[in-house]
Each structure stands twice: as C-alpha cells, then as structure tokens.
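**Q** Sharing a structure, written as structure tokens. Questions coming.
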Amino acid sequence: MEEAELRALLVTLAVSLFARGYSVGSAGNISVRLPDGYLMTPTNSCLGRLDPARLSRLDAEFAHVGGDPPSKEVFMHRAFYGARADAGAVVHLHSTAATAAACLSNVDADNPIPPLTPYFVMRVGRRLPIVPYYRPGDAAMEPAIAAEARTARAVLLANHGPVVSGRTLTDAVYAAEELEEAAKLFLALRGAAVRTLSPAQVDDLLATFG
Ligand code: 13P
C-alpha cells in the first residue's frame with residue numbers, strides 16, 4: 001500500500017475506534033511500518049481527529065523526520081517492531097475491559113484471558129502476557145515488552161492498557177478489537193464455570209488461520 005493510502009487508512013481506523021469508545025480524550029496511539037520507516041500518531045492527539053498530513057514520520061531508527069512530534073510511547077511500538085519481524089503495525093489503547101483485565105492481581109500474569117472464542121485466538125494468538133507497570137512514555141518499558149513480544153503478538157501493560165501488533169494496520173486494529181471483546185467476556189464470566197477452547201482446538205485455529 002502506498003504511503004498516502006496508509007495515512008488515510010490509519011486516520012479512518014482511528015476515527016472508527018474513537019467513535020466506538022475504544023479510546024477517549026488523547027489516549028491511545030497507532031503506528032504502521034513503511035519501507036523506510038514508520039508513521040505514528042502524534043503525541044497528545046485525539047484518535048478521533050487526526051490529520052493525515054500531520055502524522056509523525058519516523059525513519060528506520062525511529063528518529064522523528066516529519067509531521068508533528070510522535071507519541072511518547074515510541075518505545076512501546078519499537079519493542080514490537082524489534083522483537084517481531086512479522087509486525088507491520090502496532091495499536092495501543094486504553095480500552096476499558098482490556099485495561100480492567102490489566103488491573104487484576106489474582107490472575108495468571110503469563111496469560112490472564114483464557115481462550116474462550118475462536119476469533120480471540122485467531123487474532124491475538126496463544127498468549128497475552130501482562131507486562132509490569134511503567135509510567136507512560138518510560139523508555140524502560142521497551143526491553144520488558146520486547147522480551148514478551150518475541151512469543152506474543154500482544155501484551156497487557158499492567159494498570160495501563162493493551163498493546164497489539166498485526167501483520168497489517170487492519171490486522172492490528174482487528175486484533176485490538178477482538179482483545180477488547182475477549183476481555184469483556186472474561187470479566188462477564190469471572191466466577192462462572194466456563195468451557196474454554198481445548199489446547200487441540202487452539203492448535204487447530206492457529207494452524208488454520210495463523
Ligand atoms: P501519546 O499522546 O503520547 O500518544 O500518549 C497517549 C497514551 O496512550 C499514553 O499511553
């Protein structure tokens with residue numbers, strides 16, 4: 001996809017996320033890989049009101065080379081691109097249910113949300129670990145996220161929110177949406193006797209749909 005199309009698509013997807021309440025205020029940030037660098041949402045921008053011409057342009061080393069100054073979470077995004085050759089885009093949200101799951105202390109921090117539905121597994125994968133809390137914008141989160149991102153397409157930042165990668169911008173947004181729905185189901189079903197997908201069913205989904 002050409003850069004102009006990617007700029008337009010990023011704005012369209014961000015507006016859609018904002019309109020449906022996946023982000024509020026200036027929360028959240030989105031990036032997409034280009035052949036020679038990255039596009040990223042500017043810091044303090046509202047996902048509902050982005051200007052395609054003012055998106056931050058970063059070079060391959062994540063230096064700011066055009067547009068408005070980038071998200072303070074550039075380290076969060078860099079962690080995924082560095083750890084996962086298949087990551088073509090990264091979406092960070094403060095979506096309510098996923099953030100609620102990231103605040104729970106009595107869960108398996110290695111994989112708190114069980115495989116309840118096929119699309120959660122297909123989009124988010126086998127593992128969604130919780131990364132310990134870091135102040136927003138703290139560069140120290142980069143190695144902590146990268147260590148998990150080698151074996152996880154997405155993470156939950158403790159007391160902060162989800163970070164999701166995808167092969168394409170659309171894939172990353174779809175995965176962020178499925179994660180939020182899975183977190184809603186997880187919270188709604190807490191304490192209930194649930195039937196999760198079996199390991200064999202999870203293997204089958206990942207073998208069939210990647
Ligand atoms: P930015 O406005 O710098 O992208 O930060 C928003 C955010 O979601 C912090 O985690």
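**Q** Could you run through the stretch 44-73 and say how many residues are more than 18 Å from residue 88 (Cβ to Cβ), in contact with a helix residue (DSSP H, G or I) (Cβ under 9 Å, 6 or more places away or on another chain) and either within 11 Å of the ligand (Cβ to nearest atom) or part of a loop (DSSP other than H, G, I, E, B) (or both)?
**A** The qualifying residues number 9.
**Q** Check 207, 172, 183 and return the single one that is within 26 Å of residue 62 (Cβ to Cβ), at pLDDT 95 or above and in a helix (DSSP H, G or I).
**A** Exactly one residue qualifies, and that residue is 172.
**Q** Restricting attention to the stretch 101-135, report how many residues are surrounded by fewer than 17 Cβ atoms within 10 Å (Cβ to Cβ) and within 16 Å of the ligand (Cβ to nearest atom).
**A** Qualifying residue count for the region: 4.
**Q** Here is a follow-up. Of all the residues that make up the stretch 76-100, how many are within 11 Å of the ligand (Cβ to nearest atom), outside any loop (DSSP other than H, G, I, E, B) and hydrophobic (A, V, I, L, M, F, W, C)?
**A** Total meeting the criteria: 2.
**Q** So for the stretch 138-155 (the condition being under 30 Å from residue 8 (Cβ atoms), in contact with a strand residue (DSSP E or B) (Cβ under 8 Å, 6 or more places away or on another chain), part of a loop (DSSP other than H, G, I, E, B) and not hydrophobic (A, V, I, L, M, F, W, C)), does at least one residue qualify?
**A** Looking through the stretch 138-155, at least one residue is under 30 Å from residue 8 (Cβ atoms), in contact with a strand residue (DSSP E or B) (Cβ under 8 Å, 6 or more places away or on another chain), part of a loop (DSSP other than H, G, I, E, B) and not hydrophobic (A, V, I, L, M, F, W, C).
**Q** Turning to a different aspect of this structure: Among the residues that make up the stretch 203-210, is at least one of them within 27 Å of residue 24 (Cβ to Cβ) and of a type in the set (A, V, I, L, M)?
**A** no
**Q** Could you tell me whether residue 31 is within 20 Å of residue 96 (Cβ to Cβ) and either out of contact with any Gly (no Cβ under 8 Å at 6 or more places or on another chain) or at pLDDT 95 or above (or both)?
**A** No.
**Q** Could you figure out which of (1) part of a loop (DSSP other than H, G, I, E, B); (2) under 13 Å from the mean Cα position of the chain (by Cα) isn't true of residue 135?
**A** That leaves (2) as the condition not met.
**Q** Of all residues in the stretch 166-183 being under 8 Å from the mean Cα position of the chain (by Cα) and within 16 Å of the ligand (Cβ to nearest atom), which is nearest to residue 127 (Cα to Cα)?
**A** Restricting to residues being under 8 Å from the mean Cα position of the chain (by Cα) and within 16 Å of the ligand (Cβ to nearest atom), the top hit is 176.
**Q** Let me ask something else. Find all pairs meeting these conditions: Cβ atoms under 9 angstrom apart; at least six residues apart or on different chains; first residue within the stretch 18-29 and on the phi > 0 side of the Ramachandran plot; second residue of a type in the set (Gly, Ala, Ser) and more than 8 Å from the ligand (Cβ to nearest atom).
**A** Every condition considered, the pairs that remain are 21/95; 28/14; 28/95.
**Q** Does residue 152 satisfy being surrounded by 14 or more Cβ atoms within 10 Å (Cβ to Cβ), over 23 Å from residue 21 (Cα atoms), without any contact (Cβ under 8 Å) to a residue 60 or more places away in the chain and of a type in the set (Gly, Ala, Ser)?
**A** Yes: the conditions hold for residue 152.
The values are calculated or read from the model by the stated rules, or taken from the named source; none is laboratory data. Remember, it's a predicted structure, so these values are computed and weren't measured experimentally. Quick reminder, even Gly has a Cβ in these numbers, built from the backbone with ideal geometry, and neighbours come from all protein chains shown.
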